Structures are given as structure tokens and as C-alpha cells.
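Computed from the coordinates by the stated procedures, all read-outs in this text should not be read as laboratory data. The shown structure was predicted, so the numbers you read here are calculated from the model rather than taken from an experiment. Reconstructed Cβ throughout: ideal geometry from the backbone, glycine too, with neighbour counts over all protein chains shown.
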Amino acid sequence: MSRIEDKLQRMGESLPRPKEPVANYLGCKISGNTLYASGRVSLTRGELGTDLDVAQGQIAAKEAMLDILSIIKSEIGDLDRIQSVEKMIGFVRSGPSFTEQPKVIDGASDLLVNLFGAAGQHARTATGVAQLPFGAAVQLELILRLKDD
Amino acid sequence: MSRIEDKLQRMGESLPRPKEPVANYLGCKISGNTLYASGRVSLTRGELGTDLDVAQGQIAAKEAMLDILSIIKSEIGDLDRIQSVEKMIGFVRSGPSFTEQPKVIDGASDLLVNLFGAAGQHARTATGVAQLPFGAAVQLELILRLKDD
Amino acid sequence: MSRIEDKLQRMGESLPRPKEPVANYLGCKISGNTLYASGRVSLTRGELGTDLDVAQGQIAAKEAMLDILSIIKSEIGDLDRIQSVEKMIGFVRSGPSFTEQPKVIDGASDLLVNLFGAAGQHARTATGVAQLPFGAAVQLELILRLKDD
């Protein structure tokens, strides 16, 4: 078993079945050693600050990240091929006065850092948007670096 | 004539005249083989879900993509120099309950895939924002890879 | 003294003390010659078009850029190591009818171009969002290229 997936299991988490994109885009695109992972949304629906609180938003962010990791695994075969996480953008569906987007996106960042250690530390933007596909609470996109073959 | 522009013409589409940026940025920045295309907005103004429906949004997305391609052509001379499309972000100006951002942005993705084939398939994030420059319906930004010289 | 910081001083600007990220992310991540700078917000709070006008938004954009440059300096030691600015995304907290995001983000782009000359010219997306962390007016993220060691 892959070292990273073994760690994920010991953390009590598991990868969902990778869902195919519902529109005309790829789950990931690889360019040299760079992997661009498409934006994925949380299963959790709702707006932060009105429907959902920070703790619920963090769970949503973790859901979206597990979804991205499952897509990446289906593309590259083994998460151990990831050399480092470079950059994330986290879009948080935010009610008019909700300003704690960074805390919400920590639900995804914490997972990456726990899983990959220093290699999982990343640059990041956490921002607030009015709406998201399917009314989801959180949407994440990711840039990774893969190990040399 | 360039192979890609010939294909565009056979698809019944044409590139608009490239419009200069209205503010202090470049239409594209090239770094090694990577081309970063700046965010461009659709000619179509209005909000999805209130002023505009999905089909109108898809036209807006295609407009914005043709605009980006015209800017890229003016920078690199010939669209045949594009090796592959890596990643797009699509911002959709969305009314409070509009959640079909992915369908809207397919108006741009379909154009790229029809034009470039497998090389035009890309990672993508389609998200919903409250406002866009000039009140436009759609804004797109793109990362491409160029062929070696 | 560094050439770029010297120029900044002659422009009457100065770098703030670099603030540590308040959440689980890095200020910057370096991957090869590419530096991804995390999204940072302006000290200025408020919404463009309701609380703040374009001129105030431009000051907010400059604040956020100086903050990013201070973080980058603390990471790479000397801003002279920057070869070029590649791409910026500027998120502007926008009231319902505010559509001048590009003018606002020029407050950051002008600073980069004045400071780095042609190397500071960049691809850019300026977009409008409903909310930002801490209720800030502007949030910026940046991709740079570093000189070879």
C-alpha cells in the first residue's frame, strides 16, 4: 500500500470514489512535473455565516480536498508520486458578513500538512464568493509538483 | 494560414480585433514555455440567473475565450505555437441562487476542445462572483504551454 | 542595500514588518524558479462602491502588495533576486454595482511596474467578490519568477 494512503487511513480518513467531471474539463492536467487539479466542491451545501458555522465549513473544506486527492490518485496511480503541494485557492461561499475564510480553508490545509508533512505546506488564497456550483459551501483548486519519474 | 485559425474559421468563428488592456497589465506574460493569459471579460453584460440564462452565459463564455485567443495571437503570432491548454479559471457573475457555473464555462471549454483536440483539454475552476469589470457576465483567465521554439 | 529596496525608498514607500500567516499556510512556496505568494489582504477594510471609492481602493491594493513584498523578502532575503512578475489575481470586495475592479488593482500593478520596470509587467485578473478575510477591501496573490542562483 502507498505510504500516503496508509497514513490517510491511520488518520481515520478515506478517499471517496473519484467522480468524473460533470462538464467539459479534466480532473487534472499534467504539464511536465506540474499537476493542475481542477476546482472541486464540497458535498456540504450552504452558505457560511448563515447556514453553516466555521466548524462545518472546515469539514466541507476537508471533503473537497479528499475529493481532489481521489481524482489525483485516479490520474497518477499513487499519491506517493506527489513531491510537494505548491498552491491552493479556496473559494468559500460567504454570507454578507462572514470574514473567516482562512479558518474554513484550514480544514483542507490541515489535511495536506498532516498527510505530507513539510512537503504539504503550501501557498494559499482563501477568498469569499457569492455562489458556488451546486450551492456548495467550499470549492478548492490545487497546484502540485510531481516527483521525477 | 495557421492550422488552428483555419479550423476556427471552419467552425464559423472568428477572432475579434485584440483589445489593448484598459489598465496597467499585459494581455499575456510568457515565462519559459508557460503563457499566462490575463483575465478577460465577455462583451455580454448581465448577471446569470437574473438577467441571463445558461445558454446566454455560454455565449458570453465563448466571447471571452475568443477575446483571449485574439490577445494570445497578437502576442505569439500564430496559435499553432500552442502546445496545450493547462488551466482555466472562469468567474461567472451569479445571482443569489445561480449554481450552474460549470455549464456556463463549458461555452469556453467546448471551444478549446473543439479547436485543439486533446491538447485543448484542461484543468478548470468555474466559480460564482458578485460582480465583474464593466458588469460583464463572464471573466476567464488561462494558462497555456507553448511549443519549444 | 538592495537596488529594488533602494528604489522603493526613493518612491517614498516602505515595507511593513512581515506578518506571519494567521492560518495553516506559507507566506510563499518556491518550486524551482517559480515563487507562489499567498493571498494577502489590505489593512483597509470596507466594500468598494459603498464604503470606499476607487482612489481608496487603489491605496488598499498598494498596501496589500507592500505586504506581499515584505513576506517575499523575508523568504528570499533580497528583492533583487526577483527576475520577473508573472501573474497576479486581485480580488476586490465589491458592492452590488461596483465594476471598476481593474482601476482598483492598478494600485498594486503600478507599484510593481514602477519598481521592477518591464520585468514588473504581468498578466492579471481583477475580479469582484462579495466578502474577503477580515472584511478587507482588496486581496492579492502573485506568481513570480526568481533569478537562477
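What are the residues whose amide H is under 5 Å from the amide H of A:HIS122, where those residues sit 5 or more places off or on another chain and H is modelled from the backbone? Close amide H contacts, sequence-distant or interchain: C:LEU26.
Per the Debye formula on identical point scatterers at the alpha carbon atoms of chain A, with no solvent, log10 I(q)/I(0) at q = 0.19, 0.20 Å⁻¹ is -1.12, -1.23.
Based on DSSP H segments of at least four residues, each scored -39500 (n - 2.57), chain B has a per-residue ellipticity at 222 nm of -10500 deg cm²/dmol.
For an R0 of 35 angstrom, estimate the FRET efficiency from the Cβ-Cβ distance between B:SER14 and C:ASP6 and round to the nearest 0.05.
For R0 = 35 Å, the calculated efficiency reads 0.10.
For segment B:38-146, the antiparallel share of DSSP beta bridges with both residues in that region comes to about 55%.
The residues neighbouring B:LYS62, those whose beta-carbon lies less than 14 Å from its own, together hold a net charge of -3 under the Lys/Arg +1, Asp/Glu -1 convention. The mean count of C-beta atoms from other chains within 10 Å of the C-beta of residues in C:101-107, rounded to a whole number, is 5. For the rotational copies C and B, the chain C residue with its Cβ nearest the relating axis, together with that separation in Å, is C:ALA130, 2.
Where both residues lie in the protein assembly as shown, what percent of DSSP beta bridges are antiparallel, nearest 5? Approximately 70 percent, going by the DSSP bridge assignments. If one computes the Cα centroid of segment A:83-113 and of segment C:91-149, what distance in Å separates the two points? So the two Cα centres are separated by 20 Å. Here the Karplus relation 6.51 cos²θ - 1.76 cosθ + 1.60, evaluated at θ = phi - 60°, turns the backbone of segment A:113-123 into coupling constants of 6, 5, 7, 10, x, 4, 5, x, 6, 8, 6 Hz, with x for every Gly and Pro. For C:THR50, the point set 7 Å out from Cα toward Cβ sits 1.3, 1.3 nm from its twins in the other copies, listed from shortest up.
Helix B:54-76 and the long axis of chain B differ in direction by around 30°, with both axes built from C-alpha atoms. Between A:ALA60, A:ALA119, A:ALA137, the GNM of chain A built on Cα springs shorter than 10 angstrom shows A:ALA119 fluctuating the most. Dividing the mean sequence gap of close Cα pairs (under 8 Å, 6+ apart) by how many residues chain A holds gives a relative contact order of 36 percent. With the alpha-carbon atoms of the protein assembly as shown aligned to their principal axes, the span from lowest to highest coordinate is 57, 53, 46 Å, starting with the largest. Springs between Cα atoms under 10 Å define the GNM used for chain A, and in it the highest mean-square fluctuation of A:SER97, A:SER109, A:SER42 occurs at A:SER97.
The mean number of partner chain beta-carbon atoms within 10 angstrom of a residue's beta-carbon across peptide A:25-37 is 6.
When chain C is treated as a GNM with alpha-carbon contacts under 10 Å, the residue of C:SER31, C:SER70, C:SER94 showing the greatest mean-square fluctuation is C:SER31.
How much net charge surrounds C:VAL85 when only the other residues with a Cβ under 10 Å from the Cβ of C:VAL85 are counted, with Lys and Arg +1 and Asp and Glu -1?
Residues close to C:VAL85 contribute a combined charge of +3.
Of all lysines in the structure, those lying under 25 Å Cα to Cα from B:LYS73, and not within fewer than 8 positions of it along the same chain, are A:LYS29, B:LYS7, B:LYS19, B:LYS29, B:LYS62, B:LYS87, B:LYS147, C:LYS87. The residues packed around B:LEU26, meaning those with a beta-carbon under 9 Å from its beta-carbon, carry a net charge of +1 if Lys and Arg are +1 and Asp and Glu are -1. Paramagnetic label reach from A:VAL54 (point 7 Å along Cα→Cβ; backbone nitrogen cut-off under 16 Å): within segment C:30-72, no residues.
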